[in-house]
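Every number here is computed from the coordinates shown, using simple stated rules; none is lab data. Nothing here was measured: the structure is a model prediction, and the numbers come from that model. Cβ sites come from the backbone with ideal geometry, for glycine too, and all protein chains shown count toward neighbours.
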Amino acid sequence: MQRRLKDFFQADGNRGRAQRSTALVILGFGGGNFLRLLSNLILTRLLFPEAFGLMALVFVFLTGLQLFSDVGFNLSIIQNKRGTDPDFLNTVWSLQIIRGVILWLGACALAYPAVLIYDEPLLGQLLPVVGLTALIQGFSTTKVALANRNLQVGVQVMTDLASQLVTLIITVAIAWATGSVWSLVAGSLFGITLKVIAQHILLKGPNNRWHIERAAVWDLLGFGKYIFLGSVAGFLIIQSDRAILGAYISLTDLGIFTVGFTFATIPLDLNRALGRQVIFPLFSKFPTLDNPQNRPKVLKARRLLTYGIVAVGSALSLLSVPMIDFLYDSRYHDAGVILALMGFTVTAQVATSNYDSAYLAAGDSRQHFQLISIEALIQVTLSVLLISSFGIPGAVFALGLSKLMIYPFKVRVARRYNVWDPSTDIAALSFGWSVSAFSLYLWQDDVTIFMAAAFG
């Protein structure tokens, strides 16, 4: 045991770094979600559900802006052979700043259209101010991507947690004093500012300075053009449900949906973080297309991640209704039913995920764009049809069905890159769906009332 612990903390090989990175990401994710939960529990008692509905709409627009301008800077640093070259890194940093300015101007420009679309005047004030977070993030150091490239994420995790703690303290203090939605905005701005400054100071690596190298720009755009197009489609996948829901239900109902959705997507957020900070770097170091002997190494990591995340999602599905009733007041009861229903969707998404690391690590961003575009088309079509007819249940069903319909397309590409693992996918789906079905059986009275109200 002592030897294993020593190897875990001191081993400097790829395996040791991957294990430590996984543990640290999980630690940071768990700590971050504890802080978010604590913040949410306090704020739901200080603010009305409409505040969370408003912020959900604000972040639909802000996330859209960020994804519509994403050209994969961090992925490029991890994937590109010049990923440690100071000229390349400084070019990335300079372009990030330009992107941040454009995003903030875009948030200002979207403020008035948002007011017209949702008939909510406060959106016109919130969007330009919340948009400043994108401007601040533009100054983030490239040391973050270098740490991910080398599977060294300790300081990054700690700065994330520190910024979330500051966000919690400031948000709660202002909410207690004012009872205003602006408390959520102020906390976000202070938190992201602290995080950017801390990472510049604490992370190891070369400091950034303003520099734009033409060759680096073309290199970035060559890889990033399909990341950009894929991110446009990704916006439709990530935010289309709330964007469409906002036009059919009240801000109060949207706030309740956001609470349930936030809990349901905890496994997805963890899966995304580990995929980005562990699985993708492993695929970069051990490509499966050029060297088939690497396949067992990377698939073992993906398999462990998939089973672990599905188990987390299954636990949340089982606890759904009583957990929400325990944590929140009666206004949020339906969020527990939404969490239970989301179990099927979450399982489908996790069980079929992280194949994209194989082709992105190989520099095939075009394939990423093609797959995500197909998924976006399917999901938006289903969302419009089902949400307009069934409201919130329609949103949940649309998400789940779209993950099943895109799977055959993912399989075709995964087979080409020698990474398809059907036994893992089937086992994860079977276990997750069985637990979700049992969860609906346990809370059938609540589910029946919720579904009757939606369909009746």
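Peptides 444-454, 355-365, 87-97 ranked from most to least packed give 355-365, 87-97, 444-454, packing being the mean of other C-beta atoms within 10 angstrom over each peptide's residues. When the listed pairs Lys195/Lys300; Lys285/Lys410; Lys195/Lys403; Lys297/Lys410; Lys300/Lys410; Lys81/Lys403 are checked against a 27 Å cut-off, the alpha-carbon distance exceeds it for Lys195/Lys300; Lys195/Lys403; Lys81/Lys403.
The tail of the calculated P(r) for the range 248-449, taken as Cα-Cα distances beyond 32 Å, holds 20 percent of the pairs. Enclosing the Cα atoms of the range 248-293 in their convex hull gives a volume equal to 106 cubic angstrom per residue.
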